[in-house]
Each structure stands twice: as structure tokens, then as C-alpha cells.
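As C-alpha cells, the structure follows; a few thoughts come after it.
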There are 2 protein chains.
Amino acid sequence: MSQSHLAPAVDLHATTVDRLGLAVCRGEMASGSIVRIDELEERFGVSRSVVREALRVLASMGMVASRRRVGVQVRPATEWNLYDPQVIRWRLASHGRVAQLRSLSELRTAVEPQAAALAATRAPLASASELMGLSGKLWEAGRSGDTDLFLRLDIQFHRLVLSSSGNEMFGMLDSLVAEVLTGRTHYGLMPQHPHEEALQMHVDVASAIQRGDSSDAHAAMLAIMTRAMTEMSTLWNEEAHKSAS
Amino acid sequence: MSQSHLAPAVDLHATTVDRLGLAVCRGEMASGSIVRIDELEERFGVSRSVVREALRVLASMGMVASRRRVGVQVRPATEWNLYDPQVIRWRLASHGRVAQLRSLSELRTAVEPQAAALAATRAPLASASELMGLSGKLWEAGRSGDTDLFLRLDIQFHRLVLSSSGNEMFGMLDSLVAEVLTGRTHYGLMPQHPHEEALQMHVDVASAIQRGDSSDAHAAMLAIMTRAMTEMSTLWNEEAHKSAS
DNA sequence: CTAACTTCACAGATCATACTTTTGAACCCC
DNA sequence: GGGGTTCAAAAGTATGATCTGTGAAGTTAG
């Protein structure tokens with residue numbers, strides 16, 4: 001009955017990777033700056049092994065590099081592997097959230113219409129009809145104003161389109177899409193009641209995929225992306241204002 | 001003068017990561033199979049530290065997972081981070097090269113036209129004119145039949161379009177594109193003298209970007225992608241034949 | 001015989017320490 | 001001042017010791 005009384009029994013490695021990665025993304029450890037391993041041991045209160053294993057992981061993400069006799073150097077952001085889910089999460093939890101959200105949205109605009117088009121060719125019948133079902137529920141949630149449910153269904157919908165494309169590279173972007181959808185909802189960029197057209201577009205995508213019409217699927221998904229970009233453009237502009245040089 | 005006479009002074013960590021990653025990608029360690037750390041120590045002839053640090057890296061790529069009392073388990077390919085440059089390289093060095101090449105090409109088809117469109121809006125003048133220069137050299141190399149030079153210029157061209165898009169996510173895909181271009185050349189999928197139209201399309205992309213015409217840039221790049229996909233389709237078909245179930 | 005509970009040993013996780021290797025930088029000599 | 005030598009700092013590698021979950025075998029109760 002006593003599996004844990006107080007000690008959270010946290011995973012030291014995972015925790016350390018997370019703290020380090022976040023510190024780097026947040027700029028608490030500036031690009032180019034150098035730290036020694038024993039500093040990090042002390043800073044995080046863990047042993048050398050844990051620090052080293054964490055550093056190896058960060059290094060494989062291109063975030064740090066270590067050289068003998070020198071120490072561990074933080075690498076510039078241009079070297080980071082931005083497609084690593086952890087890196088995405090850290091960056092969304094740092095300043096530059098907005099720029100990140102914009103980049104990710106532009107990527108979605110490129111990828112999702114193409115994924116929809118492929119899905120129209122390759123999606124198994126079961127997936128296609130599940131998509132139809134989801135788009136129906138999505139409509140319902142949109143009309144009733146249940147934003148929480150809407151978000152969950154929206155994520156599920158896009159995830160299914162991506163995986164139905166039959167392309168592993170597209171399918172892998174589901175976590176990225178989930179982050180964007182969650183992010184924009186969290187930033188209050190979604191109206192309480194999504195516009196009727198937006199809801200209709202999801203139905204259109206599902207329907208086009210079901211009847212195997214690549215071209216329509218592509219067009220409908222592109223319309224969704226374009227609308228989403230427009231809705232978020234207010235955010236870009238605000239940001240551009242703030243950092244107007 | 002004597003920085004190294006014989007000892008390659010290889011990096012044990014990098015070597016071990018590479019050997020392990022390749023072994024997993026090649027299926028030498030089947031998905032779901034389990035190994036103990038001390039087995040790997042012996043197999044690779046390195047110490048626990050090295051094996052553990054390597055495993056942490058592989059784990060962060062989703063390729064393995066380790067559990068107490070059990071060992072290290074190879075995770076299914078669906079969990080791997082396919083956008084990690086190392087994973088891409090390992091997979092291209094394994095069976096499934098062709099499927100990989102196809103996935104990557106589909107991704108290119110989605111991304112590059114969009115990148116070209118953005119570049120038309122955002123590319124600095126210098127980059128645009130450099131693109132024009134590259135497309136000119138590309139034409140020349142194509143006409144003269146210098147496939148090696150052509151490949152290098154082609155990579156440079158597409159890399160510059162991606163980076164000129166001003167989107168960090170697109171820019172990061174340059175290594176991926178380089179792999180595809182190199183791969184298809186290596187597989188003899190490129191004619192000695194690229195078709196005149198293909199060369200012209202590159203000029204069209206550069207020209208559209210220079211005059212800021214997003215729509216034309218998108219269309220021209222899409223045409224390049226479509227043509228490339230067609231040229232490679234023979235490869236897909238061969239493969240489909242071989243593994244016809 | 002099944003189900004729940006206990007025990008126990010295994011293998012990873014963490015820590016500590018010793019030793020090796022690279023290499024930046026100080027030092028020295030001409 | 002240029003070039004070579006020495007030195008020590010810090011990462012890399014190896015290994016033993018200990019801690020901690022946890023699967024499985026063994027045990028008991030129903």
C-alpha cells in the first residue's frame with residue numbers, strides 16, 4: 001500500500017534534461033556561453049553520470065557541444081533540431097512563443113493540404129468514415145460553444161488526416177499540430193463559436209477524402225490553414241509592434 | 001607536426017551511438033527485442049558509461065526505452081523521430097531506402113513550393129540574385145552533363161530557397177533535401193542531361209522570387225517537385241513489385 | 001484451482017572515484 | 001616575436017558500490 005509516501009521518485013535523468021533544455025531555450029544560458037560539468041552537478045544537485053547523460057541528449061539535439069579542456073558550450077539556436085518534440089515544447093514555454101507559433105503554422109500550411117490530398121488517395125475506408133464522424137462532432141461542439149471539447153476533437157481530426165496520408169513523415173507531425181492548436185486556443189485566438197465556414201471546411205475535407213477527391217481535399221484543407229493564419233495574424237502584428245526596431 | 005600517426009582516436013560515444021542506431025534501423029535488433037546493458041558493453045567493447053550515454057541518446061530519438069529489472073527494449077519504428085538527421089541517415093543506409101526516399105520526396109513536394117512562395121515575399125535582394133546566379137550555373141552544368149557539379153549546385157539552390165523562406169522550420173530541412181538529391185543521383189534516377197524544361201523551371205523559380213511573385217514561385221517549384229516525383233516513380237514501382245504480398 | 005499477497009533477486013539508476021587523453025595556455029629559449 | 005615545450009584543467013572512459021523499482025517465483029487463503 002505504500003508505494004510512495006513523500007518522495008516523488010522523479011526520474012533524475014528526465015528532470016535534468018528538461019531543466020537544462022528549458023534553461024537553454026529560455027536564454028538563461030546564453031548562446032556561446034560555457035559551463036563546466038561540475039558546475040552543473042552542483043547546480044542541479046545530481047551526480048556526474050546524470051549530468052553527462054543529460055548533456056549527451058542535449059548535444060544530440062544540437063543545443064550544446066562539449067570540448068575537452070574547455071567545457072560545455074551552448075550552441076546558437078540555428079543549430080537546434082527544431083523538429084524534436086522536446087525542443088518544440090521548450091521553445092513554446094519560452095519567449096519567442098509567438099514566432100514559434102508562426103513558423104509552425106506556416107509549416108502546417110505546407111504540409112496539411114498535401115497530407116489531405118494523399119489521404120484522399122490512400123486512406124482506408126474506416127479512417128475516412130471516422131473522419132466524417134469527427135467532423136460531425138466538431139460541428140456540434142463548435143455550435144454548442146464547448147471550446148475544450150472542440151480543441152480535443154480538432155486535434156484528433158488533424159491527427160487522423162496526417163496519419164491517413166500514409167506518409168510517416170507527415171504522421172510524425174501530429175504532436176506539432178497538437179501544440180499549435182492548443183497554443184492558439186490558450187492564447188485566446190479562437191472565437192467562442194467558430195465561424196460556420198470553418199466548421200464546414202472540416203466537413204468538406206472529410207467528405208473529399210471519403211470520396212477520394214485529392215484536389216478538393218487539398219483545397220479544403222488549404223482553406224482551413226489560410227483562415228487559421230488570418231485569425232492569428234493579429235498576434236503577429238502585435239508582436240511586430242512590440243519588437244519594432 | 002604529429003597530430004596523429006596511426007591511432008584514429010575515434011570518439012567512442014559517437015561511434016557507439018552510430019553502431020547502435022544503425023543496428024536498430026537495419027533490424028539487426030528487432031522491434032520489441034530486449035538487451036541488457038552489459039551485453040552491449042561486451043558487444044561493442046566499451047564501458048558502461050559509454051553504453052549508457054549512447055542509450056540515452058537513442059532513447060531521446062524514440063528508438064529504445066529502458067525499464068528497470070527488464071533491460072533495454074527496441075521500440076517500433078513508428079515511435080522514432082524521423083526528422084532527426086542521424087535517423088534519416090541510418091534509415092537511408094538500411095533497407096527501406098526507397099520507401100524513405102519516397103516519404104521524403106512527398107514531404108519536399110509539400111514544403112518546397114511553400115518555401116519558394118515565402119521566399120518571394122521575404123528573400124533579401126542579395127539572396128534572390130544569388131539564386132539567379134545559381135540557376136544559371138545549374139543550367140550550364142546540366143547542358144554540359146557534369147552530373148557531379150549539377151548535384152552540388154542543385155543542393156545549394158534548394159538550400160538557399162529554404163533558408164530564404166525566412167522560416168526556421170523550412171530552413172532546417174536542408175539536410176533532408178540534400179540527402180534526397182544525393183540519393184536519387186546515386187540511384188541513377190537522374191538523366192545525364194537533365195531535360196531542358198527542368199532546368200528552365202529552376203530559372204523560373206529564381207526569377208519569380210526575385211520579382212517577388214509568390215504565386216509563380218510556388219507554381220514553378222511545384223512543377224519541379226512533380227517532375228522529380230514522376231522520374232522516381234519507376235523506383236517505387238520496382239519496389240512495389242518486389243514486395244508484392 | 002484461482003486469486004491475492006509476500007518475498008526475492010535481477011537489472012537499471014545513481015553515486016563516487018580513479019585513471020586516461022586531449023588541448024589551451026603559460027612558459028621558455030633562441 | 002616565433003616556435004617549441006611543459007603543465008594542468010576539464011572532458012572522456014572505466015569500474016566498483018549502492019540504491020531502487022519490479023517481474024516472477026513462491027506462498028497462503030478462499
*In region A:173-198, what residues are in contact (Cβ under 8 Å) with a residue 60 or more places away in the chain and either in a helix (DSSP H, G or I) or in contact with a Phe, Trp or Tyr (Cβ under 7 Å, 6 or more places away or on another chain) (or both)?*
A:SER175, A:LEU176, A:VAL177, A:GLU179, A:VAL180, A:GLY183, A:ARG184
*asked:* Please count how many residues of region A:9-64 are at the interface with chain B (Cβ under 10 Å from one of its Cβ atoms) and on the phi > 0 side of the Ramachandran plot.
replied: 1
*Can you tell which of B:GLU28, B:GLU39 is among the acidic types (Asp, Glu), modelled with pLDDT of 95 or more, surrounded by fewer than 16 Cβ atoms within 10 Å (Cβ to Cβ) and within 9 Å of DNA strand C (Cβ to nearest atom)?*
B:GLU39
*Checking A:HIS202 against (1) buried (at least 20 other Cβ atoms within 10 Å of the Cβ); (2) within 22 Å of B:LEU173 (Cβ to Cβ), which test does it fail?*
(2)
*Any idea which of B:SER103, B:SER47, B:SER94 is in contact with a helix residue (DSSP H, G or I) (Cβ under 9 Å, 6 or more places away or on another chain) and either of a type outside the set (Gly, Ala, Ser) or within 26 Å of A:SER175 (Cα to Cα) (or both)?*
B:SER103
*Does region B:117-125 contain at least one residue that is more than 14 Å from every other protein chain (Cβ to nearest Cβ), assigned to a helix (DSSP H, G or I) and over 16 Å from the mean Cα position of the chain (by Cα)?*
yes
*Scan region B:42-64 for residues that are in contact (Cβ under 8 Å) with a residue 40 or more places away in the chain and within 13 Å of DNA strand C (Cβ to nearest atom) and report the count.*
5
*Residues in region A:17-59 that are within 12 Å of DNA strand D (Cβ to nearest atom) and under 24 Å from the mean Cα position of the chain (by Cα): how many?*
5
*Would you please list the contacts, defined by Cβ atoms under 9 Å and residues six or more apart or on different chains, that run from a residue in region B:99-115 that is free of Cβ contacts under 8 Å to residues at least 40 places away in the same chain and more than 8 Å from every other protein chain (Cβ to nearest Cβ) to a residue that is part of a helix (DSSP H, G or I) and buried (at least 24 other Cβ atoms within 10 Å of the Cβ)?*
B:GLN100/B:ARG91
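The values are calculated or read from the model by the stated rules, or taken from the named source; none is laboratory data. All values reported here derive from a predicted model rather than from experimental measurement. All Cβ positions, even for glycine, are placed from backbone atoms using ideal geometry, and neighbour counts span all protein chains on display.
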